[in-house]
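The values are calculated or read from the model by the stated rules, or taken from the named source; none is laboratory data. Bear in mind the structure is a predicted one, so any value in this text is a computation, not a measurement. No Cβ is skipped: glycine too gets one built from the backbone with ideal geometry, and neighbour counts run over all protein chains shown. We work out accessible area using only protein heavy atoms, side chains counted, and drop any ligands, DNA or RNA first. Shrake-Rupley method; radii C 1.70, N 1.55, O 1.52, S 1.80 Å.
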Amino acid sequence: MTTPWHNPLRDKRDKRMPRIAGPCGVVIFGVTGDLARKKLMPAIYDLANRGLLPPSFALVGFARRDWADEDFGQVVYEAVQQHARTPFRQEVWDRLAEGFRFVQGTFDDDAAFERLAETLNKLDAERGTGGNHAFYLSIPPKAFPVVCEQLHKSGLARQQEDRWSRVVIEKPFGHDLASARELNAVVNSVFPEESVFRIDHYLGKETVQNILALRFANELYEPIWNAHYVDHVQITMAEDIGLGGRAGYYDGIGAARDVIQNHLIQLLALTAMEEPVSFGPHELQAEKIKVLSATRPLQPLNLTSARGQYSAGWQGNEKVPGLLDEGGFSPESTTETFAAITLEVDTRRWAGVPFFLRTGKRLPRRVTEVALVFKRAPHLPFDSTMTEELGKNALVLRIQPDEGITMRFGSKVPGSAMEVRDVNMDFSYGSAFAEDSPEAYERLILDVLLGEPSLFPVNAEVELSWKILDPVLDAWAGQGRPEPYESGTWGPPSAFEMVHRLDREWRRP
Ligand code: BG6
């Protein structure tokens with residue numbers, strides 16, 4: 001029997017060959033936003049440049065601006081010139097640009113959605129897009145209900161045998177469990193779950209997918225990937241940038257909702273889950289759901305979590321202002337720009353192993369990593385003065401920017417009697433592979449067009465992530481302004497106290 005997720009013909013395909021999307025059109029709502037300009041439009045061009053889009057491809061922008069198709073084309077052109085990953089090739093651009101259309105309107109304007117439907121019908125006829133459409137909602141979530149409703153009313157969300165209609169949504173998927181459920185209900189009332197693609201762009205990163213390759217393609221790591229050997233896990237996503245210009249989105253959201261609820265909890269799920277039966281989307285999701293169901297914050301929350309807000313300081317050689325001096329934030333803003341939490345995973349594999357997650361803006365450098373820190377050897381047959389500088393072994397998955405893996409272990413110092421000190425053994429993508437990694441958005445947009453759901457969190461994962469985070473957010477609510485930390489430092493003192501209490505140390509990536 002053939003099920004949608006087990007197609008024997010598809011399985012016979014050589015998986016090393018790139019798959020090319022079939023005829024289709026992408027409609028971007030929120031075309032004037034930062035994400036569309038910096039990520040989506042460049043990714044579409046890069047896909048075209050890599051030969052992964054079909055000749056029958058169309059890109060439609062929908063916005064309030066009074067633009068003609070050419071004006072929209074110019075906006076895409078500038079975005080591609082500034083942000084595309086691959087070199088500009090005129091012939092690729094010319095072919096792609098023939099499929100650009102713009103529809104002017106607001107989300108509550110029925111006539112605009114009728115015009116959108118007409119435009120798409122015309123493209124189907126003229127460009128052969130085959131009635132297959134992806135609707136990319138790069139808009140604030142409060143606008144999701146009205147846009148979904150309009151897509152429903154205009155018939156564009158209708159699921160038919162010979163064509164597809166998919167919706168792509170960007171986080172935040174709600175601001176707590178209750179609102180995420182409401183949002184999911186609204187989206188699912190128009191689009192069935194298999195047509196909903198929720199973007200967590202971390203899952204599109206090569207290094208994040210490599211967590212599964214490292215764990216399940218090798219015999220070396222899995223035997224020690226558990227509480228018998230691992231002392232604790234640290235997941236760090238540090239950024240050196242501040243929030244200038246993003247107050248509209250960020251104020252009231254904060255670091256935990258912005259990246260812990262999605263990116264960091266997904267990293268935890270991939271690190272902690274059991275081996276899936278296969279890499280089919282349902283099998284993968286089942287394991288992620290299982291491990292997330294067993295994950296909860298360590299109590300008491302006031303001692304196992306920390307939040308901070310950056311104040312003025314130095315970022316490298318540059319003097320930078322504090323959050324409250326950056327335009328757009330209210331002087332009383334209690335939004336955290338740093339968050340750290342401690343989670344436990346109640347499974348046989350992980351019981352007793354703390355998972356420390358931290359993220360922050362205006363930290364000393366941009367780095368994302370997952371570090372498994374191992375227990376000390378039960379016995380060291382050395383004179384203690386010979387191992388004074390020896391730390392714990394660590395396996396560090398360097399997600400970005402210096403993509404690779406580091407193994408940290410003790411080694412004899414040459415020449416001395418038997419002095420042991422930590423050394424690093426490095427694997428680096430840059431030197432091991434000739435190919436550059438595609439941008440996460442290239443991979444994810446292509447997967448939407450191919451209908452490949454593996455890298456998109458499903459409803460249940462989103463709700464479970466909120467279930468994990470909600471108690472922490474509740475404990476923080478009403479605590480007033482987060483603890484200040486100087487820009488260019490590794491966060492507030494409470495973040496260090498949080499790990500010291502459990503007799504651990506943060507790594508300095
Ligand atoms: C986004 C967050 O999801 O990820 C931003 O909203 C953050 O606040 C960004 O800056 C970081 O992405 P990356 O891929 O640069 O680590």
query: To the nearest Å, what is the center-to-center distance of the stretch 368-407 and the stretch 96-151, using C-alpha atoms only?
result: 52 Å
query: Roughly what % of Cα-Cα distances in the stretch 316-416 sit above 19 Å, to the whole percent?
result: 67 percent
Bridge type composition, the chain - antiparallel percent by DSSP, nearest 5: 55 percent
- prompt: In the stretch 388-505, if every C-alpha pair distance is counted and binned at 5 Å from zero, what percent goes to each bin?
  reply: 2, 7, 8, 9, 13, 15, 15, 14, 9, 4, 2, 1, 0
task: Can you tell me the equivalent ellipsoid semi-axes for the stretch 246-374? Use √(5λ) from the Cα gyration tensor, largest first, whole Å.
output: 33, 16, 15
- request: Show Glu193, Glu505 ordered by accessible area, largest first, where the area counts protein heavy atoms only and the probe is 1.4 Å.
  value: Glu505, Glu193
query: Which entries of Lys290/Lys467; Lys319/Lys361; Lys171/Lys205; Lys205/Lys467; Lys38/Lys171; Lys38/Lys205 show an alpha-carbon separation above 19 angstrom in the structure shown?
result: Lys205/Lys467
- request: For Trp164, enumerate residues with amide H under 5 Å from its amide H, sequence gap 5+ or separate chain, H modeled in the peptide plane.
  value: Asn132, His133
message: I'd like to know how the chain sits against the 2.2 N^0.38 Å rule of thumb: what's its Cα Rg over that expected value?
response: 1.03
message: Along its three principal axes, how long is the stretch 443-504 when you only count alpha carbons? Whole Å, largest extent first please.
response: 47, 28, 27
task: Whenever you get a sec, line up Met273, Met407 from highest to lowest accessible area (probe 1.4 Å, protein heavy atoms).
output: Met407, Met273
message: Based on the alpha carbons, how large is the Rg to Rh ratio for the stretch 94-236 when Rh follows Kirkwood?
response: 1.12
message: If the reach is capped at under 23 angstrom between alpha carbons, list the lysines near Lys122, excluding any in the same chain fewer than eight residues apart.
response: Lys153
Estimated inter-spin distance, Asp422 and Glu274, nm [label 7 Å along Cα→Cβ]: 3.3 nm
message: For a Förster distance of 35 Å, can you work out the FRET efficiency between the beta-carbons of Gln82 and Gln479, rounded to the nearest 0.05?
response: 0.30
field: Semi-axis lengths, Å, the stretch 13-159, gyration tensor of Cα atoms, sqrt of 5 times eigenvalues
entry: 24, 18, 15
field: Contour excess over end-to-end distance, with Cα ends at Ala111 and Met407 and 0.36 nm allotted per residue
entry: 100.6 nm
- request: Starting from the Cα of Asp34, move 7 Å in the Cα-to-Cβ direction to define the label point; list residues of the stretch 164-207 whose amide nitrogen is under 16 Å from there.
  value: 170-172, 201
- request: For every helix of n ≥ 4 consecutive DSSP H residues, a contribution of -39,500 (n - 2.57) applies; sum these over the chain, divide by its total residues, and give [θ] at 222 nm rounded to the nearest 500 deg cm²/dmol.
  value: -9000 deg cm²/dmol
field: lysines with Cα under 23 Å of Lys392, excluding same-chain neighbours fewer than 8 positions away
entry: Lys375, Lys412
- prompt: In nm, to one decimal, how far is the Arg19 label point from the Arg501 one, both placed 7 Å along Cα→Cβ?
  reply: 4.7 nm
- line: In whole percent, the fraction of accessible protein surface over the chain that belongs to carbon or sulfur atoms, probe radius 1.4 Å, stands at 52 percent
field: Probe 1.4 Å - accessible area at Cys24, Å² to nearest ten
entry: 0 Å²
- request: Along each of the three principal axes of the Cα atoms of the stretch 225-308, give the extent in whole Å, ordering the values from largest to smallest.
  value: 45, 32, 22
- prompt: Rg and Dmax of the stretch 179-238 over Cα atoms: what are they, in angstrom?
  reply: 17.6, 47
